[in-house]
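Below you'll find the structure, written out as structure tokens, and then a few comments.
Every number here is computed from the coordinates shown, using simple stated rules; none is lab data. Remember, predicted model here, so these are calculated numbers, not experimental data. Ideal geometry is used to build each Cβ from the backbone, glycine not excepted, and the neighbour counts take in all protein chains shown.
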Amino acid sequence: MQFELALTLLIIGLAFVLIWVPIIIRTNRDIHPRALFTLFFAEMWERFSYYGMRAILTLYMAKVLFIDMGDDIARTKAIGIYGAYTAMVYLFPVLGGLVADKVFGFRKAILWGGALMALGHFTLALAGIPALEEIVLIFYLGLSLIIVGNGYFKPNISSFLGEFYAKDDSRKDAAFSIFYMGVNVGSLLATLTCGYVAERINWHLGFGLAGIGMIFGLIVFWSAIKDNRFEDKGLAPDPEAACKPWFAGLSQNNVVYLGSLLFLPIVIFFLDLDTVLSSVLSVASLAILGYFVYYAFTAKDKAEGQRLLVVAVLFFFHAVFWALFEQAGSSLTLFAERNVDRMVMGQEIPASQFQSLNPLFVIIFAPVLSWLWLRLNKAKREPSTPMKFVLGLSQLALGFVVIVLGAKFFANDGLVPMFFLAICYIPQGS
Amino acid sequence: MVTKLSPGKIVGFVMGAWFLSISLANSMAGQIGKLTESSSSGGGELSMMESLNQYSSTYLTWGVMVVFGAAFLLLLMVPTLRKWMNGIH
């Protein structure tokens, strides 16, 4: 069999995970409730589907879906839609959290969200059937299903984990670290696998693989419910009330189901008009910041007001950080595709696989960093939250310095050695 | 962090707003990312060299200068912010 580098990377990633995950579980098995490990795997698979799809999304749009419009326009459109997609992914959890609190309970919200996400991934895969390939609307529908589904799944699985620990339980922080390890493991595996399958075999198979990942996540979660592993937690707050007619003859449950579907066309609208979405979000942000300032100056408790001002200031810097950090999935991936020399031993590494560097570095550095914060904390020298933001921003900027230097001084015929791209991801990971 | 800093009455609202800041950021990431594509192209395809320059100048302006600028600005504000946090770390 011929040696293939991209596949080798995938196998190395898989081996790494197969060693790493059992170690985590074995060392924590007796300390934590079993639900943690169930939720770990459910979330791992859900993130596998989410990040696997995201890894290939920009490239698919730029190289396949919009290619008829010309390279330049296809890339610009891909970056715009990717931005609108991720923006809305972060918007819907607010709604999904509310629905779980008031109507569904965590279990039902997670199942409903997971089902929508799986449906979305398979819709993207379906667009691979030749007759459907040209229909952009099907592609948008797939994306919007994932956006709305993620809104129900993501916030609620995290909150659900919190239910298994008392408020002041000292194991809680450790539990969430383990849980986030699941997130990054899923993301690492996904970017390697879906990236490989999509770029080397078939794009739609890549999307389908993401959908299969989501189905695994649902099976993990569902079988835990059947085994009664969640005890009495995460049930609907008032199941009977949720089934009774509530609005225009519809029960609360049905209003949520119907409402979720009604959001799909709205999401599709904003996917297509990403600049409009940017304006809407900017205005909304300004309004909220204005309200914070107003609240702060009229607050009776002066300390409370000042603290809220801190949130308002950090809101802005937080946004600056993410706006540049999130170049990874869009413009940096296209940069890797076009202007990075990805040849190793006569073979080219798929551009999408570079996105696995971020979760890899997080997996490696997160324990180091939390150990460092803990030690500094004990020595009463842990940096304050604003100071941590300063550090994060500086590291991000350093990552870009590396790329710019690589492009200015080390490029050959417009190709930057991939070493520079890999290095740029290191500070981003921490 | 956000929960500790927000007034008890509106903590849910502030958390929602925090999500909005990531959402806004991602949407802006799209607008910034578009700058890496030629704005002046008359439909012509960029050469490898031109596209490399476009990437590095965009990343220099936004990734390096704006982000370092923001870091520096925030650094200047740290003492004030710490005072405003009133004992919360």
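See the values below:
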| quantity | calculated |
| --- | --- |
| 5 Å binning of all Cα-Cα separations within region A:179-239, expressed as whole percents from 0 upward | 4, 15, 17, 18, 15, 11, 9, 6, 3, 1 |
| Nitroxide proxy distance, nm - points 7 Å out along Cα→Cβ at B:Met49 and A:Asn228 | 7.4 |
| Residue exposure sequence - A:Phe297, B:Phe19 - by fewest surrounding Cβ within 10 Å | A:Phe297, B:Phe19 |
| Exceeding the 19 Å Cα-Cα cut-off - candidates A:Lys302/B:Lys9; A:Lys167/B:Lys4; A:Lys102/B:Lys4; A:Lys388/B:Lys4; A:Lys63/A:Lys408; A:Lys102/A:Lys244 | A:Lys102/B:Lys4; A:Lys63/A:Lys408 |
| Proximal charge balance of A:Val313 [Cβ under 15 Å; K/R count +1, D/E count -1] | +4 |
| Global form of region A:1-107, assessed from the alpha-carbon gyration tensor, a/c cut-off 1.5 | oblate |
| Kirkwood-type radius of region A:92-251, with distances r between different C-alpha atoms, in Å | 17.4 |
| Residues B:Phe13, A:Phe335, sorted so that the one with the fewest Cβ neighbours within 10 Å comes first | B:Phe13, A:Phe335 |
| Candidates per GluC sites (Glu not before Pro) in region A:1-65, loop by DSSP, up to 13 other Cβ within 10 Å | A:Glu4 |
| Convex hull (Cα only) mean projected area of chain A, reported in nm² to one decimal | 25.0 |
| Neighbour-count ranking [beta-carbon atoms within 10 angstrom, fewest first] of B:Met48, A:Met44 | B:Met48, A:Met44 |
